[in-house]
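One structure is given below, encoded as structure tokens.
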Amino acid sequence: MLKFVFTDIEDTKVLLFCPLALSINQEENIPCDDMTAVFSYEKVPQLKSVVVYDDDMIVFTGVVDEQQTIVSTDGAYLKICARSMAAVLIDNESIPVTYNHPNANLIFEKHAKPFGISKYNGSDSTYFGELVISKGMSNWQAVYNFFNNCFSKTPRINIRGELDFLSPYGDEVVFSAGDGDINYISLTQTQKRCEEISRVNIKVTNSSGYFCKVTNEDAQKRGITRERYLNAVLTDTPMKCADMMISNGRKNSFNIKLICQGRYLDILGRSAKVKSEFCSDEENLYVSEVRYVLNSKKDVTTVVLKRKDV
């Protein structure tokens, strides 16, 4: 059973059960998960935060953005919109600062913990260089830049309100039509040739043209012609940037969308396998998007799988 533990502005707990409608969305490229819940009307004080439990398991932790009382001929309702704990890092501007050789624990202590992020899951790695947090950058940008630019890792505030990572991929989850960890009722596989890049032309100095080239031979063999131009004059790693553009295009060119009966909200970023004779690529997948919807007509989770980096 779903239980919503809200905290009001006086730090008093407010419990709500049995939503009439609920949606929770999680996507790898969007820092904040979001939740919208509709209940039969109850008079409640102004709410500021929420933890959602599925029995004893936490499935959402976040801050309340909107609280609405809706009255119509159909009845009276209470609607709550919330975002995950990444919202407090996005909404708060960081103090401008330059770090020399910062480590992960320092970034957590300065830019995440003061805003209610409960824990950091990862090694205390050190970046042997300079990290500049400029005026106007949010605390989320400070955290993201440290882990992404310094270590090529993508940070994530997980469903328990902890600083975590989507990669490396977690334990594999298996989808099938009847005998997997998660059973699906619908499968759609999509191949988008329009996403793939066949070649990146790079400019490495102000005095040169776009003479350096990185080619995606696999795409070219399949008749794809889609070139890009990269001005990498101010980039220390132009080849890496070009490779990333090609890799991202390859990743976005293929997905499998599964509609699954029931609620699955702790699988984002995990390795995935699909058991189906209709899939051209059943393995080397991961969960990139999760969308859960509950209302009077359905109780389903839509899952989008993409290929891992190759």
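The values are calculated or read from the model by the stated rules, or taken from the named source; none is laboratory data. What you are looking at is a predicted structure, and each value in this text was computed from that prediction instead of being measured. Every residue, glycine among them, receives a Cβ derived from its backbone with ideal geometry; neighbour counts consider all protein chains shown.
Taking the condition aromatic (F, W, Y), over 30 Å from R263 (Cα atoms) and either in contact with a Cys (Cβ under 6 Å, 6 or more places away or on another chain) or assigned by TED's automatic domain parsing to the domain that holds A104 (or both), does F128 pass? Considered against the rule, which asks whether it is aromatic (F, W, Y), over 30 Å from R263 (Cα atoms) and either in contact with a Cys (Cβ under 6 Å, 6 or more places away or on another chain) or assigned by TED's automatic domain parsing to the domain that holds A104 (or both), F128 comes out as yes. Note on the stretch 273-292: among residues that are over 20 Å from G178 (Cβ atoms) and of a type in the set (S, T, N, Q), the one that is nearest to the chain's Cα centre (by Cα) is S288.
Of C32, C18, C81, which residue is under 19 Å from V293 (Cβ atoms) and out of contact with any strand residue (DSSP E or B) (no Cβ under 6 Å at 6 or more places or on another chain)?
Sole residue among the options that is under 19 Å from V293 (Cβ atoms) and out of contact with any strand residue (DSSP E or B) (no Cβ under 6 Å at 6 or more places or on another chain): C18.
Only a single criterion out of (1) touching a residue at least 24 places away in the same chain (Cβ under 8 Å); (2) of a type in the set (V, I, T); (3) closer than 20 Å to R83 by Cβ is not satisfied by T12, namely (3). Can you confirm whether the stretch 84-106 contains a residue that is free of Cβ contacts under 8 Å to residues at least 12 places away in the same chain and of a type in the set (A, V, I, L, M)? Yes: one or more hits. If the condition is being in a loop (DSSP other than H, G, I, E, B), among the hydrophobic types (A, V, I, L, M, F, W, C) and modelled with pLDDT of 95 or more, then the stretch 19-31 contributes only L20.
For the stretch 61-71, the tally of residues that are within 21 Å of N158 (Cβ to Cβ) and surrounded by fewer than 17 Cβ atoms within 10 Å (Cβ to Cβ) stands at 1.
For R193, the requirement of being touching a helix residue (DSSP H, G or I) at 6+ places or on another chain (Cβ under 9 Å) and among the charged types (D, E, K, R) is met. If I filter the stretch 239-256 down to residues being basic (K, R) and crowded, with 16+ Cβ neighbours inside 10 Å, which single residue comes out as nearest to T205 (Cα to Cα)? Here the residue is R250. Just need a number here: residues in the stretch 72-118 that are farther than 18 Å from V50 by Cα, touching an Asp or Glu at 6+ places or on another chain (Cβ under 7 Å) and exposed (fewer than 15 other Cβ atoms within 10 Å of the Cβ). Residues meeting the conditions: 2. With respect to L285, is the statement that it is at negative phi, in contact (Cβ under 8 Å) with a residue 12 or more places away in the chain and among the aliphatic types (A, V, I, L, M) true? Criteria met by L285.
Quick one: which strands (runs of 3 or more DSSP E) sit completely within the stretch 251-301 and have at least 2 residues that are aromatic (F, W, Y)? Once the strands (runs of 3 or more DSSP E) in the stretch 251-301 are filtered for at least 2 residues that are aromatic (F, W, Y), what remains is 285-294. Considering the stretch 1-22, and only residues there that are under 27 Å from K298 (Cβ atoms) and surrounded by 16 or more Cβ atoms within 10 Å (Cβ to Cβ), the residue that is farthest from the chain's Cα centre (by Cα) turns out to be L16.
The residue of the stretch 111-153 that is modelled with the highest pLDDT, among those that are touching a helix residue (DSSP H, G or I) at 6+ places or on another chain (Cβ under 6 Å) and among the hydroxyl-bearing types (S, T, Y), is S138.
Remark: pairs (first residue in the stretch 37-55, assigned to a strand (DSSP E or B); second residue acidic (D, E); Cβ separation under 8 Å; 6+ apart in sequence or on different chains) = L47/D8; K48/D8.
Does S276 qualify as being among the small types (G, A, S) and in the same structural domain as A177 (by TED's automatic domain parsing)? Answer is yes for this residue. Of the strands (runs of 3 or more DSSP E) that lie entirely inside the stretch 110-176, those containing 2 or more residues that are free of Cβ contacts under 8 Å to residues at least 40 places away in the same chain, touching a strand residue (DSSP E or B) at 6+ places or on another chain (Cβ under 7 Å) and of a type in the set (V, I, T) span 130-133. Among the residues of this structure, N295 does not count as one that is farther than 22 Å from N25 by Cα and either within 16 Å of the chain's Cα centre (by Cα) or surrounded by fewer than 19 Cβ atoms within 10 Å (Cβ to Cβ) (or both).
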